[in-house]
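Just so it is clear, none of the values below were taken in a lab; they were calculated from the coordinates. What you see is a predicted model, and the numbers here were worked out from it, not measured in a lab. No Cβ is skipped: glycine too gets one built from the backbone with ideal geometry, and neighbour counts run over all protein chains shown.
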């Protein structure tokens, strides 16, 4: 039978030992742990490789017959050819259609997480805007 430990009620000192005291002397690896490096599907690293500017990621359904579209706006200093290359890469990785219209990239469906990951890899700083 397990021995029961009693806490003194007369105001005396309480003998308490931390359950983590053993870890102080253990040989554990140092450094920070990044969930983004281990689980690409759920975590997004917010630190871009090189800052090429902020890009807004918007989910829209208006004027599209109720269908959801992911719209990317706010590209600064990016040419039409590079936008079309980014759009093609996003379409391929999302498995959806899309287009480049009026300086915006539109990808069919709610693809915000995948698109944000692609933008981070390209050096942009994505920001979720709108609904």
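Side notes on the structure shown:
- Modelled this way, with points 7 Å down the Cα-to-C-beta line, the labels at residue 27 and residue 88 are 5.2 nm from one another.
- Using the average count of surrounding beta-carbon atoms within 10 Å as a protection proxy, the listed peptides 62-69, 79-86, 99-106 rank, highest first, as 99-106, 79-86, 62-69.
- The stretch between residue 110 and residue 80 holds 8.5 nm of extra length on full extension. This uses 0.36 nm per residue minus the Cα-Cα distance.
- Where labels lie 7 Å past Cα in the beta-carbon direction, separation of residue 51 and residue 17 in nm: 5.1 nm
- A quarter of the convex hull surface defined by the alpha-carbon atoms of the range 45-129 gives 5.1 nm² as the mean projection.
- When 23, 72, 93 are arranged by Cβ crowding within 10 Å, least crowded first, meaning fewest neighbours, the order is 23, 93, 72.
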